[in-house]
Amino acid sequence: ATGQIMREDFKFTETILAAREKMRYLPHGNNSSWIKKGWGVACFWYGNGRTGLPNPGVAHAEMNQDGSITVYVGSPDIGQGSNTIFRQVAAEVLHISPQKIFVVSGDTLLTKDSGTTSGTRLTFIVANGVKKAVEDLLKRINDFKKGEGLTGSLPKLISKIGRLAGEKGVVLRGEGYF
């Protein structure tokens, strides 16, 4: 009904056959002539987000003058903890503490549309956009670091890089789209 095409084999038939095999070992039996007991399986496909429509995971990330990082996503955190997930993703990519990461979400002035807040969509789709944005930012940070003749790990130099970039008017920003 949505036009979504399943492009990857996710072993549906094998899964159903394995479930049928497991059900052979479950208790069976009828306790009266009119009540029948049995086992069944219902299956359906559920798309994550706007199935069959463009479903972007868009984010951008910037280094601040104090060396902290701000990640921007359009999808709001409505209590499910997606901002925490975005902080964790960014911190892992950059190998820095999550305390150095700030998230701006759902601000239509500062963020691009990164789709709906539905189910686990933000954890998979938008977090991958965040990952790509931070990877792009890391490339730009490393280019800046090299241009300045700085050596050493990012965690040790992050405050210095942020300050130097700010003093020189250089905006270190990464874009991500998934």
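Shown for segment 53-170: the carbon plus sulfur share of the solvent-accessible area, taken with all protein chains present and a 1.4 angstrom probe, equals 54%.
Relative to the longest principal Cα axis of the chain, at what angle does helix 12-23 sit, 0 to 90 degrees, rounded to 10? Compared with the principal axis, the helix lies near 50 degrees. Rounded to whole Å, the principal axis extents of the Cα atoms in the chain read 85, 33, 31, largest first.
What is the magnitude of the charge dipole of the chain about its Cα centre, with +1 placed on the Cβ of each Lys and Arg, -1 on the Cβ of each Asp and Glu, and no other charges, expressed in debye to the nearest 20?
On the way: 23 positive and 16 negative charges, 94 e Å.
Charge dipole, the chain, about its Cα centre: 440 debye, nearest 20.
Over the residues of the chain, the helix contribution to mean residue ellipticity at 222 nm works out to -11500 deg cm²/dmol, using -39500 (n - 2.57) for each DSSP H run of at least 4.
For HIS95, HIS60, give me the order by solvent-accessible area with a 1.4 Å probe, most accessible first, ignoring ligands, DNA and RNA. All intermediate terms of the calculation are to be shown ahead of the outcome.
Working: HIS95 140, HIS60 10 Å².
Ranked list, largest accessible area first: HIS95, HIS60.
Enter the per residue convex hull volume of segment 62-137, computed from alpha-carbon coordinates, in Å³ rounded to the nearest integer. If you can, show how the numbers build up before the last one.
Details: hull volume 6.2 nm³, N = 76.
Dividing the Cα hull volume of segment 62-137 by its residues yields 81 Å³.
So what does the Cα-only Debye profile of segment 77-178 read at q = 0.12, 0.19 Å⁻¹, as log10 I(q)/I(0), no solvent term? For segment 77-178 at q = 0.12, 0.19 Å⁻¹, log10 I(q)/I(0) is -0.43, -0.97. Surface exposure of the chain, expressed per residue as accessible area with a 1.4 Å probe, stands at 64 Å².
Within 10 Å, count the other beta carbons around each residue, average over each peptide in 84-90, 155-161, 165-171, 8-14, and list them highest first. Walk me through the numbers on the way to the answer.
Working: 84-90: 21.4, 155-161: 15.9, 165-171: 12.4, 8-14: 8.6.
Answer by packing, highest mean first, reads 84-90, 155-161, 165-171, 8-14.
Taking 23 Å as the straight-line reach from the Cα of LYS146, the lysines in range (excluding those fewer than 8 positions away in the same chain) are LYS100, LYS131, LYS132, LYS156, LYS160, LYS168.
The values are calculated or read from the model by the stated rules, or taken from the named source; none is laboratory data. Bear in mind the structure is a predicted one, so any value in this text is a computation, not a measurement. We place every Cβ from the backbone using ideal geometry, glycine too, and count neighbours over all the protein chains shown. SASA here: full protein model, heavy atoms, side chains in, ligands and nucleic acids out. Shrake-Rupley method; radii C 1.70, N 1.55, O 1.52, S 1.80 Å.
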